[in-house]
1. Only one of (1) touching a helix residue (DSSP H, G or I) at 6+ places or on another chain (Cβ under 6 Å); (2) at pLDDT below 85 is not met by Asp70, so which one is it?
2. With respect to the numbered conditions (1) outside the structural domain of Ala215 (by TED's automatic domain parsing); (2) under 19 Å from His254 (Cα atoms), which one is the sole condition not fulfilled by Ile295?
3. Starting from residues that are in a loop (DSSP other than H, G, I, E, B) and in contact (Cβ under 8 Å) with a residue 24 or more places away in the chain, keep the ones in region 174-190 and report whichever is farthest from the ligand (Cβ to nearest atom).
4. Would you mind telling me which numbered condition in (1) more than 22 Å from Gly272 (Cβ to Cβ); (2) surrounded by fewer than 21 Cβ atoms within 10 Å (Cβ to Cβ) Phe211 fails?
5. Given the conditions (1) surrounded by 14 or more Cβ atoms within 10 Å (Cβ to Cβ); (2) closer than 25 Å to Asp170 by Cα; (3) out of contact with any Gly (no Cβ under 9 Å at 6 or more places or on another chain), report the number of the one that Ala322 does not fulfil.
6. If I ask for residues that are out of contact with any Phe, Trp or Tyr (no Cβ under 8 Å at 6 or more places or on another chain) and more than 15 Å from Cys227 (Cα to Cα), which ones from region 307-332 would you list?
7. Please find, among Phe265, Phe310, Phe350, Phe323, the residue that is of a type in the set (Phe, Trp, Tyr) and over 30 Å from Val192 (Cβ atoms).
8. Quick check on my filter: what residues within region 320-341 are more than 15 Å from the ligand (Cβ to nearest atom) and either over 27 Å from Thr223 (Cβ atoms) or among the hydroxyl-bearing types (Ser, Thr, Tyr) (or both)?
Amino acid sequence: MYYYKIRHYLMKILLREVFSVDEIRKQFLADLAAAKSPQEVEEVRIKYLGRKGLITLLAKNTDFSQLSPDQKRDFGKQLNELKGLATEKLAEAASAAKSGQTAKKGPDLDLTLPGTGHSLGSLHPITLVQMELEDIFEGMGFMVLVGPDVETEHYNFDALNIPGDHPARDMQDTFWLTNGMLMKTHTSANQVRTLEKFGAPLRAIFPGRCFRYEAMDPSHETTFYQCEGLVVDRDISVANLIATMKALLGEIFHRDATVRLRPGFFPFVEPGFELDLQCLLCGGKGCSTCGDGWIELIPCGLVHPRVLEFGGIDTSKYSGFAFGLGLTRLAMMKYGVQDIRRFNSGDIRFCSQFPAAV
Ligand code: PHE
């Protein structure tokens with residue numbers, strides 16, 4: 001209570017003696033010029049015209065009984081002018097600050113305009129399938145290797161038990177280069193390179209591009225992808241091969257895969273197989289996709305001892321299995337691509353349908 005009285009009293013003295021109407025006007029105009037945002041303008045209003053504002057108090061606390069009639073009239077006039085001025089300037093400043101704020105936002109944000117989206121790009125379907133396979137095989141302890149596209153006749157054929165006069169060479173129409181080398185016709189070309197480099201025991205896959213001199217149609221391309229797998233260890237048998245393939249297919253198709261082996265001939269495996277997958281669409285009953293209920297999927301077999309010998313492996317200790325997954329084929333199945341020529345078409349309408357990450 002005392003405090004209030006003293007403060008009130010001091011205010012009276014201060015306002016009368018320290019703050020003249022002119023000084024308050026000057027101070028008010030300076031404060032208002034510095035106020036930019038609507039909140040700041042409001043603070044100025046409170047400071048001067050609020051219930052305890054300087055102008056309000058100046059009017060309230062002036063003891064008019066002490067003033068002569070002339071002084072009363074002058075002071076009252078000045079005070080009213082100041083009040084009028086302050087009210088007007090505050091209103092102007094408030095609307096300027098407000099429109100200044102919306103003007104800042106306005107031009108940048110027109111919600112009626114269509115957005116400018118940024119495309120993340122997408123991964124090629126072959127890349128997607130390859131990345132998925134690499135993840136699966138790495139989880140089973142396989143190395144992921146890359147071999148050259150331009151290969152020697154030795155690694156592509158001879159070291160795989162396909163000598164120059166072997167009819168199996170006719171199965172793979174080859175692009176020969178003028179220097180006697182060739183474009184690798186299958187990823188099996190990397191088998192003996194891998195054996196030479198890493199020896200036994202060994203678990204590796206080598207995805208890669210293959211080239212064949214084919215007439216192109218919806219299911220034939222000159223350039224396609226395979227993913228070779230090679231396992232060499234003690235006591236490797238067909239059982240290991242089947243178990244690995246079943247694990248792989250289960251991961252790819254997210255369900256238990258039923259497989260069967262048929263004899264298949266490839267000079268670099270003995271015995272050699274065609275591994276078929278029971279059709280996932282009809283469950284093996286037969287449908288328009290599979291025909292008889294089975295889909296021919298993975299050529300494979302136990303590595304021929306001659307191939308192991310070419311790779312410097314002791315065949316009295318080690319045996320192995322190999323498989324050659326058709327990566328392009330798998331991508332066609334997985335994404336329902338009807339025409340193999342789409343993959344290398346460079347057609348953005350095709351490529352952009354795939355996700356940007358696995
Ligand atoms: N390289 C063979 C081909 O392209 C496939 C294959 C790989 C077969 C490994 C057996 C073992 O036809």
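The values are calculated or read from the model by the stated rules, or taken from the named source; none is laboratory data. This one's a predicted model, so the numbers in the text were calculated from it and none came from an experiment. So basically every Cβ, Gly included, is an ideal-geometry build from the backbone, and we count neighbours across all protein chains shown.
1. (1)
2. With respect to (1) outside the structural domain of Ala215 (by TED's automatic domain parsing); (2) under 19 Å from His254 (Cα atoms), Ile295 is out only on (1).
3. Looking only at region 174-190, we keep the residues that are in a loop (DSSP other than H, G, I, E, B), and these are 174-175, 177-181, 184-186.
Next, from what is left, pick out any that are in contact (Cβ under 8 Å) with a residue 24 or more places away in the chain: 174-175, 177, 180-181, 184-186.
On the way: Thr174: 12, Phe175: 15, Leu177: 20, Gly180: 21, Met181: 18, Lys184: 10, Thr185: 7, His186: 3 Å.
Only one residue fits best here, namely Gly180.
4. The number of the failed condition is (2).
5. (3)
6. Residues satisfying the conditions are Glu309, Phe310, Gly311, Gly312, Ile313, Asp314, Thr315, Ser316, Lys317, Tyr318, Ser319, Gly320.
7. Values: Phe265 fails: over 30 Å from Val192 (Cβ atoms); Phe310 fails: over 30 Å from Val192 (Cβ atoms); Phe323 fails: over 30 Å from Val192 (Cβ atoms).
After applying the criteria, what remains is Phe350.
8. Once the filter is applied, which keeps residues that are more than 15 Å from the ligand (Cβ to nearest atom) and either over 27 Å from Thr223 (Cβ atoms) or among the hydroxyl-bearing types (Ser, Thr, Tyr) (or both), region 320-341 yields only Tyr335.
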